[in-house]
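Single-structure report; data block below.
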Amino acid sequence: MIDQYGRKIEYVRISLTDRCNLRCQYCMPECGIEKISHDDILSLEEVLHVVKLLADCGIRKVRLTGGEPLLRRGIVDLIREIKAIENIEQIFLTTNGVLLSNMADDLINAGVNGFNISLDTLNEKTFEKITRRNLFKKVFESIQKLIDSGVEIKLNCVPIAGVNEEDILKIVELARDNFIKVRFIELMPIGCAVDFKGIPIGEVKSKIESIYGKLISHSAFIIPNYQGPAKYFTLNGFKGQIGFIDAIDHKFCNSCNRIRLTANGFLKLCLNSNAGLDIKSLLRSNADDQKIFEAIKQAIYNKPKEHHFNVECRMQNAKLNFNAMYQIGG
Ligand code: SAM
Ligand code: SF4
């Protein structure tokens, strides 16, 4: 459907849990999080119910995320059922990769069209420092397995000053040697991330170009009406592509096509705003589908115009207690 600013909203990102088996320093506190009680999390039946209503509102693409979505029991059946909903065309998964190697075949058979896997470093020690867990081998095993399977994968790296700047070129090499997308995402000042300094995308590009030569724009001619947040490039001699998501300085709000559903059932309309709809309460108040459908349509219509992640409002955002990334799902 079209919102009040004329944007076509057709993509929902669903956080299935805010729990995680890693503790990335820029995302989650070391001690973990205050657990949402089981009753406050949408059941898988409720998630399915919401996706059906969202499909009626024009949603065509679904991404499951978290926390770590592969921790949610029943995820394979959920994917199969979401894929069977009329008008849902594609389903993707964003994961840290720890559990992926064992589950990949089932997930692909259930209908997952592609995977985003977080990879901030290729160095085992740095991985342990960032994630506070010694699980790099598991993640890399998953990545290798998926590359071999030929399914679409994107590796997502968040470059952070003093943390993983030495890893940028090594991660780029994965796109040189494989037909995959490697993406660099600017750190957003949310939750624990306010204590870190993200490396601006311009600096990441310069570092890459100083070694590999000029980045060659790829997005425009491969996908003519491409409107996603990432801008894709390739390099001479590379099999894969490099993507950059420069969310802070180069806003993509005017072409934003996405909404989010949090694990506790809140339809969140913008990453950087508390505007939205408490769908869980509606579902549990025995409201009929027509009423929920109308409420969802109204909420989507009112999607905020833009986010306000910039240096000036960094502190303000931190104080305003917007959801953390592990709650929103990225
Ligand atoms: N656990 C899964 C994972 O790590 O892929 C899914 C959830 S995680 C919140 C999704 C993505 O958000 C990850 O790629 C992570 O690096 C990214 N992320 C977390 N905090 C971020 C921040 N403050 N700014 C930008 N990206 C962030
Ligand atoms: Fe977990 Fe993903 Fe956050 Fe890391 S980025 S703590 S893997 S939710």
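The values are calculated or read from the model by the stated rules, or taken from the named source; none is laboratory data. Keep in mind that this is a model prediction, so the values were computed, not measured. Cβ placement follows ideal geometry from the backbone for every residue including glycine, while neighbour counts extend to all protein chains displayed. With ligands, DNA and RNA removed, areas are computed over all heavy atoms of the protein, side chains included. Shrake-Rupley method; radii C 1.70, N 1.55, O 1.52, S 1.80 Å.
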Nonlocal amide H pairs with Ser43, under 5 Å, H built at 1.01 Å:
none
Spin-label point model (7 Å from Cα, Cβ direction): what's the Arg132 to Asn87 distance in nm?
4.2 nm
Which is farthest toward the positive dipole end of the chain among Ile300, Gly265, Val158, measuring Cα position about the Cα centre, with Cβ charges +1 (Lys, Arg) and -1 (Asp, Glu)?
Val158
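Quick check on packing: order 24-36, 49-61, 178-190, 160-172 by the mean number of other C-beta atoms within 10 Å, highest mean leading.
On the way: 24-36: 14.9, 49-61: 19.3, 178-190: 21.0, 160-172: 16.6.
Highest-to-lowest ranking by the protection proxy: 178-190, 49-61, 160-172, 24-36.
Can you pull a Stokes-Einstein diffusion coefficient for region 11-328 at 25 °C (0.890 mPa s), Rh from Kirkwood over Cα pairs, as a whole number of µm²/s? If you can, show how the numbers build up before the last one.
Numbers: Rh = 20.3 Å.
Here the translational diffusion coefficient equals 121 µm²/s.
With contacts defined as alpha carbon pairs under 8 Å and 6 or more residues apart, what's the relative contact order of the chain in percent? Don't jump to the answer; show the numbers that get you there.
Numbers: 638 pairs, mean separation 71.9, N = 330.
With pairs under 8 Å counted, the relative contact order is 22 percent.
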Between 0 and 90 degrees, rounded to the nearest ten: what's the tilt of helix 44-56 against the longest Cα principal axis of the chain?
90 degrees
Gain on full stretching of the segment that runs from Tyr5 to Ser149 - 0.36 nm per residue minus C-alpha separation:
47.8 nm
Which percent of the Cα-Cα distances in region 27-92 go past 20 Å?
34 percent
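Subtract the Cα-Cα distance of Lys61 and Asn274 from 0.36 nm times their separation in residues, and report this length gain in nm to one decimal. It would help to have the intermediate numbers written out before the result.
Numbers: separation 213, 0.36 × 213 = 76.68 nm, distance 2.27 nm.
Here the answer is 74.4 nm.
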Extension gain, Asp39 back to Glu141 (0.36 nm per residue minus Cα-Cα distance, nm)
33.3 nm
Provide the per residue accessible area, probe 1.4 Å, for the chain, rounded to a whole number of square angstrom.
46 Å²
